[in-house]
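The values are calculated or read from the model by the stated rules, or taken from the named source; none is laboratory data. Source: prediction; values computed, not measured. Cβ placement follows ideal geometry from the backbone for every residue including glycine, while neighbour counts extend to all protein chains displayed.
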Amino acid sequence: MTATTTMMATTTMMTVTMTTDRPIRMTVQNRLTITVAILSVLALTVVGLVLYTVEANNVASRNSASMTQEIAEMRSFAQTGVDPETGKRFSSVDQILSQFLAQNQPDEDEVLFAFLTDGRVLYQGESNVPLSGSKAFEKAVAGVSADGGEINLSLGGDEYEGYVLPIAAGGQTGSFVVVHNVTASHADLTQVMQIYTVVALAAALLITGISSLLARRLLSPVTELRQTAQSISGGDLSNRLATRGNDDIAELGRTFNDMLDRLESSFETQKRFLDDVGHELRTPLTILSGHLETMDSHDVDDVDETRTLLLDETDRMARLVDELLILARARRPDFVRPVEVDVASLLGETLAKATGLGQRDWGIETSPTITMWADRQRLTQALLQLAANAVEHTEEDQSIAFGAGSDDSHVHLWVRDEGRGVPEEIAADIFDRFSRGSTDGNGFGLGLSIITAIAEAHGGTVVLDHVSQGAQFRMILPKGPQ
């Protein structure tokens, strides 16, 4: 048993050491910060793409509307066929094209071209070297000049789109061309998106920094929880978390503190139990060992005498173990199982059992119709223990009485006797473990400790009342459930 315990303790220490020394590669704070950073970049990227797409479509729509308007005006001007300055019909296609270009001003990034019948090319708008005199441009226009249509080409690093409208009059055919510099039209949008990219990156960095600070602040209880758990692994159960606020993290800290309280209480109970066992079993074990060593196995009388003594010591040890086990279980949640208890009935049943403890003048002092919420068996155990103590300190035919009373929130249960009473010098320590009410007692001094444990498990306490004769021990217990 000792070897197994030692091995378990060694294994536990090794496990604790491994747990404490294990490095943390990625903290929750880092994960949250990285996640927020990625989500921020993704969100800002999506917003930028949507913004660029919408604005690019708006630019394309404006360009298309502008070209459509110019083409519609050119068609109307050619169909009218009247020079607005002279009031006479145009005599040639070149005159129609020249006159239209002379009286129209193109939009920004737009150029109007007139391909005359003699091969000349006129334009209206800002001078645009890549298109003016460009063979590729003239070839693209010539390709659709018969029926008209759209053209697209790339010159000098810029993208262009346009529309060719054939103009026919007097057997001659020319072409009217509207061209938009798509690259120039998107220049403002490109500049805006560049600014947006810089601002978005700055915003992402700011959000990441703020999220890191907030994560560190919000998760500081978790860090403290980890550090406290590590200190517990090292054997220190006194540390507690500082909880603030009413959020989930604060509630986690309170729950952890409650767990530590129960754990510390359990360890203290176990330590006390082991100390008590070691303290009280040492003497009977020494007696057993000494008598066995000195016993003459050939002497029948010596063997019988030793056997009787050892059986008595064994019974005492069994009783001691039972009492210590009761104290060890006293802090378990299932130590008491409360039900509604009628106090008069409880005292009547307890009196019937107590009469077997000794020839005494037994009686009951109680108020009628008192009920409480308690464990009936544990209260019976406590009252019988008090009765046994009273029997031990009284003589035959002396009075021992069970009593009960109540106030607004508590029930008072007591056992009073007319015996020798409790000496003043030990009254203050009477409820301590292994403290006896007299020097000639046969018990272990655990009876009142058990009674105290039962009372505290109910949320109450035990007191020694001052009476003129004998002693009165009183349990003060709450009426309602705890």
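Please go through (1) in contact with a helix residue (DSSP H, G or I) (Cβ under 9 Å, 6 or more places away or on another chain); (2) touching a residue at least 60 places away in the same chain (Cβ under 8 Å) for THR394 and return the number of the only condition it doesn't satisfy.
Going through the list (1) in contact with a helix residue (DSSP H, G or I) (Cβ under 9 Å, 6 or more places away or on another chain); (2) touching a residue at least 60 places away in the same chain (Cβ under 8 Å), THR394 breaks only (1).
Kindly indicate whether any position in the stretch 396-407 is at pLDDT 90 or above and under 12 Å from ALA455 (Cα atoms).
no
Only one residue in VAL111, VAL121 is in contact (Cβ under 8 Å) with a residue 40 or more places away in the chain and not small (Gly, Ala, Ser). Which one? Talk me through it step by step, then tell me what you get.
On the way: VAL121 fails: in contact (Cβ under 8 Å) with a residue 40 or more places away in the chain.
Every option except VAL111 fails the conditions.
Given the conditions (1) more than 45 Å from the chain's Cα centre (by Cα); (2) under 13 Å from VAL415 (Cα atoms), and given that ALA344 satisfies all but one, which numbered condition is not satisfied?
(2)
Give the residues of the stretch 25-46 that are of a type in the set (A, V, I, L, M, F, W, C) and without any contact (Cβ under 8 Å) to a residue 12 or more places away in the chain, sorted by residue number.
Of everything in the stretch 25-46, those that are of a type in the set (A, V, I, L, M, F, W, C) and without any contact (Cβ under 8 Å) to a residue 12 or more places away in the chain turn out to be MET26, ILE34, ILE38, LEU39, LEU42, ALA43, VAL46.
Can you work out which of the residues in the stretch 90-115 that are assigned to a loop (DSSP other than H, G, I, E, B) and surrounded by fewer than 18 Cβ atoms within 10 Å (Cβ to Cβ) is farthest from the chain's Cα centre (by Cα)?
Per the stated criteria, the residue is SER91.
How about the stretch 157-168: which of its residues are surrounded by fewer than 19 Cβ atoms within 10 Å (Cβ to Cβ) and among the aliphatic types (A, V, I, L, M)?
Across the stretch 157-168, the qualifying residue is only ALA168.
Within the bounds of the stretch 409-416, is there any residue that is small (Gly, Ala, Ser), more than 24 Å from ARG332 (Cα to Cα) and modelled with pLDDT under 85?
no
Would you confirm whether any residue within the stretch 28-50 is modelled with pLDDT under 90 and either closer than 30 Å to PHE113 by Cα or out of contact with any helix residue (DSSP H, G or I) (no Cβ under 8 Å at 6 or more places or on another chain) (or both)?
yes
Could you run through the stretch 322-381 and say how many residues are in a helix (DSSP H, G or I) and either of a type outside the set (D, E, K, R) or crowded, with 16+ Cβ neighbours inside 10 Å (or both)? Can you show your working first?
Of the stretch 322-381, the ones in a helix (DSSP H, G or I) are 322-329, 343-357, 376-381.
Subsequent filtering for residues that are either of a type outside the set (D, E, K, R) or crowded, with 16+ Cβ neighbours inside 10 Å (or both) retains 323-328, 343-348, 350-352, 354-357, 376-381.
Of the residues in that region, 25 qualify.
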